[in-house]
Ligand code: ADP
Ligand code: ASP
Ligand code: MG
């Protein structure tokens, strides 16, 4: 008998028929003798609908209130799934994040999990029930409702699996696994049988929303075995596992892209110590994560600093940066939210050379201008005009020979 944590995403519980199908799948696994903890997301589109309601009432919604609203989406799903399972004659009990004490910090809308109390879930399992846990939500030590960032139900599932020492955390979604690129953008994309935590972490944080990046980080830290697979069929999906020697043989194993960032440039900043610290210190105080940073070489004692921030934080970031610019005597702040970040990812990059050059050449051949570049040991990212994002992904997928049956020739 195994203890399995299954997580069903929004599309998989998108309507009543689908919820009934999920209930049947859960019941089947239970009948095979497994213990089941099921984490569910809000029904497809619900979180966006709730966000838009808040936006219609307030131009800059207070994040505490936003969390109170957003957490309702998952609460509906757990109740409905529980009822559907009971209808099939099985015991099921639903739990909100607060009821299983998924305790978080106070960073509303992107809270971090501090601890989980699994007693109530264990009790339900001991009584032969299927435990249904609301994804995406937690509670602070002061009983305030929090949410874990978009895609946060993945994190709930991984954290539950870690706390319960589950045998596997299954992420059941609307694609058959993790592909070499988003299969909805690149039809020839290939399903990966296995992917390392580090590659998955890069892919996820660079825009592959099939897994939330914080969930992957958590899975890596607690060595949670993650299996990403379809909720619509029983085929084997992708295992997210520790890296092995085999994985290094391929230089590039995936392409990711994101249109969820915006670029801010502070022009003609005085080139002296402490300026960057002040600017980015102020942005960090607002809980805004800065990604790429580029500073131009100064000729006349001034310099231009460009950086990217998540799109939802863009208006707030521009406001903060404009304030700091005035204080430090920088004459102008310009922004661009029509950008995309396109990235190539692979642990094999550590041992292969010429990979970045090949990427730049491929983009140049399509006359796609690169605005910013950033690299790590296992990825290269380029910021480009948003309108070329899908084209760039397809071109790079092709150039690095990622499609099914392609023979990859990499410079050694
Ligand atoms: P869920 O609602 O189940 O959480 P998401 O929409 O968050 O599902 O994630 C699944 C989606 O991730 C897919 O429909 C696909 O478009 C997208 N995706 C992006 N990159 C990849 C990738 N490399 N492999 C698989 N899916 C990807
Ligand atoms: N419902 C939340 C969202 O749409 C969490 C999730 O689906 O994982 O982001
Ligand atoms: Mg998701």
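The numbers here are math on the coordinates, done by the rules we state, and not lab data. No experiment lies behind these values; they were computed from the predicted model shown. Glycine also receives a Cβ, built like all others from the backbone with ideal geometry; neighbour counts cover every protein chain displayed.
Worth pointing out:
- Within the range 261-313, tally of residues that are surrounded by 14 or more Cβ atoms within 10 Å (Cβ to Cβ) and assigned to a loop (DSSP other than H, G, I, E, B): 7
- Residue check for residue 343: crowded, with 16+ Cβ neighbours inside 10 Å and either within 29 Å of residue 178 (Cβ to Cβ) or out of contact with any strand residue (DSSP E or B) (no Cβ under 8 Å at 6 or more places or on another chain) (or both): yes
- Taken over the range 30-52, the criterion of being part of a helix (DSSP H, G or I) and under 27 Å from the mean Cα position of the chain (by Cα) is satisfied by 46, 47, 48, 49, 50, 51, 52.
- Residue count for the range 210-268 satisfying the condition of being more than 20 Å from the chain's Cα centre (by Cα) and on the phi > 0 side of the Ramachandran plot: 1.
- Residue in the range 131-149 that is near ligand 2 (Cβ under 9 Å from one of its atoms), touching a strand residue (DSSP E or B) at 6+ places or on another chain (Cβ under 8 Å) and at positive phi present: yes
- Taken over the range 321-332, residues that are buried (at least 18 other Cβ atoms within 10 Å of the Cβ) and not in a loop (DSSP other than H, G, I, E, B) amount to 3.
- Positions within the range 334-361 being within 27 Å of the chain's Cα centre (by Cα), assigned to a helix (DSSP H, G or I) and closer than 20 Å to residue 387 by Cα, in sequence order: 359, 360
- Residue match in the range 62-73 (condition: within 17 Å of residue 37 (Cα to Cα), within 16 Å of ligand 1 (Cβ to nearest atom), touching a residue at least 40 places away in the same chain (Cβ under 8 Å) and in contact with a strand residue (DSSP E or B) (Cβ under 8 Å, 6 or more places away or on another chain)): no
- Scanning the range 362-391 for residues that are under 15 Å from residue 251 (Cβ atoms) and outside any helix (DSSP H, G or I) yields 375, 376, 377, 378, 379, 380.
- Selection of the range 230-249 for residues being in a loop (DSSP other than H, G, I, E, B) and either within 14 Å of ligand 3 (Cβ to nearest atom) or surrounded by 19 or more Cβ atoms within 10 Å (Cβ to Cβ) (or both) yields 231, 237.
- Test: residue in the range 185-197 that is within 16 Å of ligand 3 (Cβ to nearest atom) and free of Cβ contacts under 8 Å to residues at least 40 places away in the same chain: no
- Scanning the range 190-209 for residues that are touching a strand residue (DSSP E or B) at 6+ places or on another chain (Cβ under 6 Å) and more than 25 Å from residue 245 (Cβ to Cβ) yields a count of 1.
- Number of positions in the range 71-99 that are closer than 19 Å to residue 141 by Cα and either within 23 Å of the chain's Cα centre (by Cα) or in a loop (DSSP other than H, G, I, E, B) (or both): 5
- Members of the range 21-46 found to be away from ligand 1 (no atom under 15 Å from the Cβ) and closer than 17 Å to residue 134 by Cα, listed by number: 23, 26, 36, 37
- Taking the range 20-33 as the range and being in contact (Cβ under 8 Å) with a residue 12 or more places away in the chain, surrounded by fewer than 21 Cβ atoms within 10 Å (Cβ to Cβ) and either within 16 Å of ligand 2 (Cβ to nearest atom) or more than 18 Å from residue 229 (Cα to Cα) (or both) as the test, the residues that pass are 20, 33.
- Residue in the range 391-402 that is within 20 Å of residue 263 (Cα to Cα), surrounded by fewer than 20 Cβ atoms within 10 Å (Cβ to Cβ), out of contact with any strand residue (DSSP E or B) (no Cβ under 6 Å at 6 or more places or on another chain) and touching a residue at least 40 places away in the same chain (Cβ under 8 Å) present: no
- The set of residues in the range 46-80 being under 30 Å from residue 3 (Cα atoms) and within 14 Å of ligand 2 (Cβ to nearest atom) consists of 46, 47, 70, 71, 72, 73, 74, 75, 76, 77, 78.
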